[in-house]
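Below is one structure; the comments refer to it alone.
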Amino acid sequence: MKRPCHGRAFTLVELLVVIAIIGILIALLLPAVQAAREAARRSQCTNNLKQLGLAMHNYHDVHKCFPYGHKLEATGQYYRRDCWYHRILPFIEQEAYQELYENHHTVDAYEAEYIHRIRESVAGIEVPGMSCPSDPSSPARGGGGSDNGFQGNYAVCAGGGTLNVTTQVNDMNMIMEDPGGMFGRNKEITFASCLDGTSNTLLASEGIIRGSRGGSWGGLGGYWGGAPHGSYAFTSAEPPNTTVPDRVYSCKTTTWLKAPCENGNAGGLAGRWNFARSYHPGGVNAGLVDGSIRFVSDTVDRITWQNAGRRQDGKTLGEW
Amino acid sequence: MRTFATTLLVALLAGITSLSLTGCSPPGMTLDKVSGNITFDGQPVEEGRILFRAVEGDQRAFSGAIQNGRYELESLPGKMTVEITASRIIPGKFDESNPDEKVPMGEMYIPERYNSKTELTAEVPAGGAKDVNFTLTSE
């Protein structure tokens, strides 16, 4: 008997081969999709940093200088520990928010004395564009003594330390009037004093937040009260994602993936600093004073990275 | 014959995809594992930090935690200066630099010849090393 012929049918082997190949293709594609997701997150993070750079330029246009890193504390003043973050709010489309914040002394004079006392309904507002989507802790709270205040991923560059640093001297310390970079305590630096050139000097970069919640003082991005303990800035004394720990007044935790930390107060350790860190594979985003953004590899030459952090060391950067 | 052609085409596509995925990996640093014991006056250092800093080149540093007298870190090979720090709380001493807060203060108790003015050195061989030990004394 002859088999009736209704066109050509697939054999079992053909079907199995096709299924196997599709399986292999999917297995190959999945990591690529994950990589594409991270690429998208990194791209958003780059954009955030770019907006921050533009905001700084606009601030300079209006005020003829960059904002201070953080304000010198003085008795009798309101808003002690105010930092650059609060100054640039109007330039990242948060003018109403700044007004709300700066009128807080009429709402509660005690809270307005120190900004870390300010209630959650004001300090806890997350400003879009200050959190890096690659950091699973973001949007976070903390860094300023309690969980009231918003903690972001971006910080300005305080300086670059010296080549032959040790962890016991103040070569890397960021808490002083002029740590050598574009920002310091109460110091308002201008384009004119960026002698190394705006395209050779770091303006800002990013950091890793050690958990979404959990008080502590001084972790990078703890804008609401942590500034004099290190929150306001990073130093380029060590390359991005270094295993050398950040050193702040107190850490949310001392052990954290890619971001070890030392308790400055409980450990009796001098100096306060944060380093540039991120979860982007292989490096961090960094903004230069001219407003440009570049991805800096973890393996960048340490001397180049240090020179980029200082605004007037007179050294050329070369290829980086 | 047609099935064979389809299979070949799909296999080729798969090959190209896998190639493009594994194509370029960034040139990283090859770090080697170093570990060992640290004692201070004969006692293992319970908690602290150890740092290797390259003597040559850009003087890059590699740090690791000390726990129960043992440390482990990843470092480039070569000549290193070594810094060791460890702290303890000072009983009855408090810090009040933050308003509304009184918290215990600590001190770093390892002598400066082991950290800020370090005399410690180590040589990290290519491939890493175990039992790079340090014996510290207060005298």
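The values are calculated or read from the model by the stated rules, or taken from the named source; none is laboratory data. Here the structure is a predicted model, which is why all the values come from computation and not from measurement. When we count neighbours, we look across all protein chains shown, and the Cβ atoms used for this are built from the backbone with ideal geometry, even at glycine.
Worth a mention:
- For the range A:109-138, filtered to residues that are of a type in the set (Gly, Ala, Ser) and assigned to a loop (DSSP other than H, G, I, E, B), the residue that is surrounded by the fewest Cβ atoms within 10 Å (Cβ to Cβ) is A:124.
- Residues in the range A:277-298 that are surrounded by fewer than 20 Cβ atoms within 10 Å (Cβ to Cβ) and within 16 Å of residue A:136 (Cα to Cα): A:281 alone.
- Residue A:270, sole failed condition from (1) within 12 Å of chain B (Cβ to nearest Cβ); (2) in contact with a His (Cβ under 7 Å, 6 or more places away or on another chain); (3) among the hydrophobic types (A, V, I, L, M, F, W, C); (4) over 23 Å from residue A:141 (Cβ atoms): (2)
- Residue check, residue A:33 surrounded by fewer than 19 Cβ atoms within 10 Å (Cβ to Cβ), within 14 Å of chain B (Cβ to nearest Cβ) and part of a helix (DSSP H, G or I): yes
- Filter pass, residue A:205 being more than 14 Å from chain B (Cβ to nearest Cβ), outside any loop (DSSP other than H, G, I, E, B) and surrounded by 21 or more Cβ atoms within 10 Å (Cβ to Cβ): yes
- Residue selected from the range A:276-310 under the condition part of a helix (DSSP H, G or I) and more than 9 Å from every other protein chain (Cβ to nearest Cβ), by the criterion farthest from the chain's Cα centre (by Cα): A:307
- Number of the exception - residue B:4 against (1) at pLDDT below 95; (2) under 16 Å from the mean Cα position of the chain (by Cα); (3) of a type in the set (Phe, Trp, Tyr): (2)
- In the range A:232-275, of all residues being under 28 Å from residue A:115 (Cβ atoms) and among the acidic types (Asp, Glu), the one that is nearest to the chain's Cα centre (by Cα) corresponds to A:246.
- Inside the range A:83-100, residues that are part of a loop (DSSP other than H, G, I, E, B) and in contact with a helix residue (DSSP H, G or I) (Cβ under 6 Å, 6 or more places away or on another chain) make up a count of 1.
- Failed criterion for residue A:165 (all others in (1) in a strand (DSSP E or B); (2) modelled with pLDDT under 95 hold): (1)
- Some residue of the range B:78-97 being under 13 Å from the mean Cα position of the chain (by Cα), in a strand (DSSP E or B) and facing another protein chain (nearest Cβ under 7 Å): yes
- Residue in the range A:66-76 that is nearest to the chain's Cα centre (by Cα), counting only those that are surrounded by fewer than 20 Cβ atoms within 10 Å (Cβ to Cβ) and touching a residue at least 24 places away in the same chain (Cβ under 8 Å): A:72
- Candidate set: the range B:94-123, residues that are touching a residue at least 40 places away in the same chain (Cβ under 8 Å) and within 10 Å of residue B:82 (Cβ to Cβ); chosen: the one surrounded by the fewest Cβ atoms within 10 Å (Cβ to Cβ): B:121
- Filtering the range A:255-267 to residues that are within 24 Å of residue B:93 (Cβ to Cβ) and facing chain B (nearest Cβ under 8 Å) leaves A:262, A:263, A:265, A:266, A:267.
- Any hit, the range B:101-113, residues being more than 10 Å from chain A (Cβ to nearest Cβ) and outside any loop (DSSP other than H, G, I, E, B): yes
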